[in-house]
Amino acid sequence: MSHDFVYTANPARILFGPGSLARIADEVRLLGCRRALVLSTHSRREDALRLNVQLGELGAGVFSGAVMHTPVHVTEQAMSAFEDAAADCVVALGGGSTIGLGKAIAYRNDAPQLVVATTYAGSEVTPILGQTENGLKSTVKGAAILPEVVIYDPELTLGLAVATSVTSGLNAMAHAVEGLYAKDRNPLTGLMAMEGLRSLKQALPAIVERPQDLQARSDALYGAWLCGTVLGSVGMALHHKLCHTLGGSFDLPHAETHAILLPHTAAYNAQAAAEVLAPAASLFGGELGGGLYDFAGSLGAPLALEALGLRESDLDEAADLAAKNPYWNPRPVERDAIRELLQRAWSGSRPR
């Protein structure tokens, strides 16, 4: 088989395994940094304060204002906190919201980033920043956005709520599925995508049944790392465009939106990308869209955008926004077809 592709590996130092958080101070020093500002959401503030204490003389304080979709005005507040603390790096403790804030700071001042990942978001290994301003979410990509160090300690995910674990894991799977049909895909990202999908397909049902199963938590974190690495290596397409539209313009929750849309976007592209999606389709019973929908349902994941608070009257505007300046996609992004896709996702109907 002949191959013709370009693959650029994203440089990052990955520490994986139970107890790996204990090495964080050494990692700050290896970066040549002396004052680390710890970032978190409000709900994880106490954990962030403990991490700041763990850092000892390296801890510069805590900013716990991270929120979904990385609003620019929050980033400006965090930049002020960074300067007031005389910090020279950031430690993002949490999931996509906190990781996004760390990226937004680094995008503006090139501060080194360390991430302690506590969900399956995967964004910690991508050089992509999504940020929201004036009701619109846009993305930028650059070397400064990629965190330098990521710590994956599965012990830190044992307390992650089952519902959040499920939607976060499905979010990660969306990265891999989209990576399979990306315009700039390559054999290595395809292998990582399938390994990530298999790991999460095995881990998520186990987590639902046994939330304290450390092996299942480790498998899910491993799969999320692979899926995120795929997203960081290739371009995004229809799925992420729709999620950015619904998140940035309608303030829908990030992971839940990904989880609901994944079966529908996979079904939309199933025929146009049948060859490259065939391994994933086999993993989910031969019908990728329907199989993903059934899998999500078996985990108790949300299936309808209506349940997230999106109004049916918003669907026309959402379709218009998604069809405007679309990302590359294997199937043409047609406004009416997107409107139909959104209708099914809004009502929770099985894709076809």
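No value in this document is a laboratory result; all are computed from the given coordinates. As the structure is a prediction and not an experimental result, all values here were calculated from the model. So basically every Cβ, Gly included, is an ideal-geometry build from the backbone, and we count neighbours across all protein chains shown.
Using only Cα atoms and rounding to the nearest 10 degrees, what angle (0 to 90) does helix 335-347 make with the longest principal axis of the chain?
Result, in degrees: 70.
What percentages make up the Cα-Cα pair-distance distribution of segment 1-138 when the bins are 5 Å wide from 0?
2, 10, 20, 24, 20, 11, 5, 3, 2, 1, 1, 0
Sort 162-171, 122-131 by the packing proxy (mean of other Cβ within 10 Å over each peptide's residues), most packed first. Let's see the in-between values first.
Numbers: 162-171: 23.4, 122-131: 25.0.
Packing order, densest peptide first, comes out as 122-131, 162-171.
Tilt of helix 254-268 relative to the longest C-alpha principal axis of the chain, in degrees (0 to 90, nearest 10)?
Relative to the chain, helix 254-268 is tipped by roughly 30 degrees.
How many lysine pairs does the chain hold where the Cα atoms are under 14 Å apart and the two sit 8 or more places apart or on different chains?
On the way: 103/141; 137/241; 137/324; 241/324.
For the chain, the number of qualifying lysine pairs is 4.
Semi-axes of the equivalent ellipsoid of segment 229-352: what are they in whole Å, largest first, if each equals the square root of 5 times a C-alpha gyration tensor eigenvalue? The partial results should precede the final answer.
On the way: eigenvalues 87, 62, 36 Å².
Each semi-axis is the square root of five times an eigenvalue, giving 21, 18, 13 Å.
Using R₀ = 41 Å, calculate the FRET efficiency as 1/(1 + (r/R₀)^6) where r is the Cβ-Cβ separation of residue 294 and residue 49; round to 0.05.
Details: r = 42 Å, r/R0 = 1.03.
Calculated transfer efficiency: 0.45.
So what's the angle, to the nearest 10 degrees on a 0 to 90 scale, between helix 238-250 and the longest Cα principal axis of the chain?
Roughly 60 degrees between the two axes.
Using Cα-only point scatterers and the Debye equation, what is log10 of I(q)/I(0) for the chain at each q in 0.10, 0.13 Å⁻¹, rounded to two decimals?
-0.56, -0.96
Starting from the amide H of residue 16, placed 1.01 Å from N in the peptide plane, find each other amide H under 5 Å away whose residue is 5 or more places distant or on another chain.
Amide H neighbours of residue 16: 152.
I need the P(r) histogram for segment 72-193: all alpha carbon pairs, bin width 5 Å from 0 out to the longest distance, whole percents.
Per 5 Å bin, starting at zero, the Cα-Cα P(r) for segment 72-193 comes out as 2, 11, 18, 21, 20, 16, 9, 3, 1, 0 percent.
Can you tell me how much longer the chain between residue 26 and residue 340 gets when fully stretched, taken as 0.36 nm per residue apart minus their C-alpha distance, in nm with one decimal?
Working: separation 314, 0.36 × 314 = 113.04 nm, distance 5.21 nm.
Gain in length upon complete extension: 107.8 nm.
Please give the calculated 222 nm ellipticity per residue for the chain, where each DSSP H segment of at least 4 residues contributes -39500 (n - 2.57) and the sum is spread over every residue; nearest 500 deg cm²/dmol?
Working: 13 runs with 177 residues, N = 352.
Counting only the DSSP helices, I get -16000 deg cm²/dmol.
Out of 120, 268, 327, any idea which swings most in a Gaussian network model of the chain, alpha carbons joined below 10 Å?
Residue with maximal mean-square fluctuation among 120, 268, 327: 327.
Can you pull the percent of Cα pairs in segment 86-133 with separation above 18 Å? Spell out each step's value before the answer.
Working: 224 of 1128 pairs.
Summing the P(r) tail past 18 Å for segment 86-133 gives 20 percent.
For residue 134 and residue 272, calculate 0.36 nm times their separation in residues minus their Cα-Cα distance, and state this gained length in nm to one decimal. Each step should come with its number before you reach the end.
Values: separation 138, 0.36 × 138 = 49.68 nm, distance 3.47 nm.
Between residue 134 and residue 272, full extension yields an extra 46.2 nm.
Take the alpha-carbon positions of segment 192-299, form their convex hull, and give its projected area averaged over all directions (one quarter of the hull surface) in nm². Before the final figure, lay out the partial values.
Values: hull surface 28.0 nm².
For the Cα atoms of segment 192-299, the hull's average projected area reads 7.0 nm².
I'd like the antiparallel share, as a percent to the nearest 5, of DSSP beta bridges with both residues in the chain.
On the way: 6 of 27 bridges.
Looking only at bridges with both residues in the chain, the antiparallel portion is about 20 percent.
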